[in-house]
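Asker: Sharing a structure with you now.
Where a number appears in this text, it was derived from the coordinates with a stated rule and is not lab data. Source: prediction; values computed, not measured. No Cβ is skipped: glycine too gets one built from the backbone with ideal geometry, and neighbour counts run over all protein chains shown.
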């Protein structure tokens, strides 16, 4: 078995990290990411960049129903300070609003504004157009599009598995560590 950053492993065989197709795929994905990022960052009428890829990921995750900043950070595999900064920027620009969380008055839920919902829809449509253009240039566009859609599910499953392993490891360490006071600030909730 070959360890990948201590988070996953693959059997040493035809689908190993030495497979040249895997390395070509890495380069294709990083280039595709840059193309998508440039599509989002195209200046608007006033000449200012509209969204970064990080902004898009946060809008899409909130749009999918994730309302807590700490869970956004975990799902997107970024630090809580990064999420707080991105959320602050999206709130300032009128794409996201903070709402009191039901019974827990220390917690804050995040929701898209009407402008945020419209921006997410426009961004998704623009990015989908780029993806369709890219896959149309391959030998088997339908198969490539299906594989990319499957990859999205695989990414979610991998991230959930990593998060579960970290929680389990944290639970084992929590028994030895002194208990600290929990608050909304500890939870990384943006205020």
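Asker: May I ask you to order 21-29, 121-129 by the average number of other C-beta atoms within 10 Å around their residues, highest value first? Walk me through the numbers before you get to the answer.
Answerer: Working: 21-29: 11.0, 121-129: 13.8.
The densest-packed peptide leads the list: 121-129, 21-29.
Asker: Let me ask something additional. Can you tell me how much longer the chain between residue 104 and residue 142 gets when fully stretched, taken as 0.36 nm per residue apart minus their C-alpha distance, in nm with one decimal?
Answerer: Using 0.36 nm per residue and subtracting the Cα-Cα distance, I get 9.0 nm.
Asker: Right, next: Any idea how far apart residue 114 and residue 88 come out in nm if each label point goes 7 Å out from Cα toward Cβ?
Answerer: Going by the 7 Å Cα→Cβ label model, 2.9 nm.
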